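Engineer: Here it is, the structure in full.
A short reminder: the numbers here are calculations on the coordinates, not readings from a lab. Remember, it's a predicted structure, so these values are computed and weren't measured experimentally.
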Amino acid sequence: MPERNTPQKTLESWKQIAAYLDRSERTVRRWEATEGLPVHRHEHERQDTVFAYRHEIEAWSRLRTASPNPSSVDGADTDNLPAPTPIVNKYLVEHDAITRTMHRYIAGARAGDSDLMRSAFHPSATISGYCLGVEYTGSVEHVFQWIDENGPAPNINPRFARIEIIESIAVVHLEVQHWSGKLAGANARASDVFTLLKRNGEWKITHKLFHWHDQ
């Protein structure tokens, strides 16, 4: 199970990622494009707004130590030398695929558009949980209806508290603050636990377990 992604463990820009790896921004951008450096993007902002988790960067770096470290050759600057060929890390590949699925859910919630999140869910997905002390259960279609009726929530702040992967199944704990909209109100907070299944090579949400916190 990965470490918790606290703010102290998150790198919030290309500059911070480059400084953490002691390389130039150009080099880490190239490593992300060609060597699998685990960098994520905030989908609701401009494309170049990125972040990275330190534990993922560290895992990627450890895999590369099997090859000689070219950080210094005869005192020359090796910033532009090719990175050693990394060993494929199955966990990081699946972790990234799961977060992409979850970002489709987040994008739909932020835009108030269920069509944006529908592809993240298994066709037979279900929900269960509590909102204002009332228990809700049933088809995920209830979520889609609620998202459309609630409308945009542009300021939601999602945080992955936990991602656990067990072969073809996964569990994601998502904390979301600053919900807004016609149904959510002005500043709501929700805790969600999702179960996912790898289906035909894609991760799909099979169940959404939720709790809306009293404001």
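Engineer: Which of the lysines could be linked to LYS9 by a straight reach, that is with a Cα gap under 24 Å, when you skip same-chain ones fewer than 8 residues away?
Structural biologist: LYS90
Engineer: Next question. Run down the lysines and flag those whose C-alpha is under 23 Å from the C-alpha of LYS208, throwing out any fewer than 8 positions away in its chain.
Structural biologist: Correct list for LYS208: LYS182, LYS198.
Engineer: P(r) for the range 110-215: what percent of alpha-carbon pairs falls in each 10 Å bin, starting at zero?
Structural biologist: Computed distribution, short to long bins: 15, 47, 33, 5, 0.
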